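J.: Before anything else, here's the structure in question.
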Amino acid sequence: MATTAQPSILIVDDEEAFLDILLIWLRKLGYENIHSASNSDDALAKAAELKPDLVLMDIMLPGSSDGVETAWNLNNRYGLRVIYITAYADQKTIGAAKSTRPYGYLVKPFTLAELDTTIKKADKIRKLEEKLRAQPITDNEAQERLESYREETVNKSIQIHLARTEKIQADMRQKLRGR
């Protein structure tokens, strides 16, 4: 059975404790080529140097550029798209994030299984995009299908996380009422 190479991953997050957990989880999932950055400038420099396959991006970063602006720059400069990892799930933040055409959107806290599934889907889309770019295409139908799949994947991810967040909040309200 042929094995496929795991993608290289750049994590952009300024919370050290969360970063440590992500590193442990990614290694547990078999990813070895993992790098990290704590702000936009560091992320852009590491992306230029390392050319990662995937980027896990926090939305709230210290400094002059947030994660959405950083994702936009990574896409425009290096053709990289991101999987957002964030605690923010309001419509304004989601709308801004979706404008960068991400590979995924995970709302903290998320599970190891959700991280694994999101990375695998993102890597599948990335590989399909690379194949499409390598082929001379006169018909945009394949590209449109891929873009539709990517968008559907992100929207489903957001819906799942919003539903889970609402359930957690409802459970917390119920527990508080019971006190």
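The values are calculated or read from the model by the stated rules, or taken from the named source; none is laboratory data. What you see is a predicted model, and the numbers here were worked out from it, not measured in a lab. Neighbour counts are summed over all protein chains in view; Cβ atoms, including those assigned to glycine, are modelled from backbone coordinates with ideal geometry.
J.: Starting from the range 136-158, take each residue that is surrounded by 13 or more Cβ atoms within 10 Å (Cβ to Cβ) and list its partners that are of a type in the set (Phe, Trp, Tyr) and modelled with pLDDT of 75 or more, counting only C-beta distances under 7 angstrom and pairs at least six apart or across chains.
T.: Every condition considered, the pairs that remain are 150/103; 154/105; 157/105; 158/105.
J.: A further question follows. Specify which of the listed residues (95, 63) is within 24 Å of residue 156 (Cβ to Cβ) and among the small types (Gly, Ala, Ser).
T.: Only one candidate passes the filter, namely 95.
J.: With the structure loaded, tell me whether residue 21 is crowded, with 17+ Cβ neighbours inside 10 Å, out of contact with any helix residue (DSSP H, G or I) (no Cβ under 7 Å at 6 or more places or on another chain) and of a type in the set (A, V, I, L, M, F, W, C) or whether it fails that test.
T.: no
J.: While we're here: Could you list, in sequence order, all residues of the range 1-40 that are without any contact (Cβ under 8 Å) to a residue 12 or more places away in the chain and in contact with a strand residue (DSSP E or B) (Cβ under 8 Å, 6 or more places away or on another chain)?
T.: Within the range 1-40, 27 is the sole residue that qualifies.
J.: Could you pull out the residue among 108, 98, 92 that is of a type in the set (D, E, K, R) and surrounded by fewer than 15 Cβ atoms within 10 Å (Cβ to Cβ)? Let's see the steps before the verdict.
T.: Numbers: 108 fails: surrounded by fewer than 15 Cβ atoms within 10 Å (Cβ to Cβ); 98 fails: surrounded by fewer than 15 Cβ atoms within 10 Å (Cβ to Cβ).
Only one candidate passes the filter, namely 92.
J.: Let me ask something else about it. Exactly one of (1) in a helix (DSSP H, G or I); (2) over 13 Å from the mean Cα position of the chain (by Cα) is unmet by residue 60. Its number?
T.: Residue 60 satisfies every listed condition except (1).
J.: I've got another one for you. Just the residues that are surrounded by 10 or more Cβ atoms within 10 Å (Cβ to Cβ) and either touching a Leu at 6+ places or on another chain (Cβ under 8 Å) or not in a helix (DSSP H, G or I) (or both), please, taken from the range 159-179.
T.: Hit for the range 159-179 is 161, nothing else.
J.: Is there a residue being among the small types (Gly, Ala, Ser) and closer than 25 Å to residue 5 by Cα anywhere in the range 104-117?
T.: Looking for residues that are among the small types (Gly, Ala, Ser) and closer than 25 Å to residue 5 by Cα, one finds at least one in the range 104-117, hence yes.
J.: Here's something else I'd like to know. If only one of 89, 43, 113 is touching a residue at least 24 places away in the same chain (Cβ under 8 Å), not polar (S, T, N, Q) and not in a loop (DSSP other than H, G, I, E, B), which one is it? Steps first, please.
T.: Details: 89 fails: not in a loop (DSSP other than H, G, I, E, B); 113 fails: touching a residue at least 24 places away in the same chain (Cβ under 8 Å).
None of the other options fit; the residue is 43.
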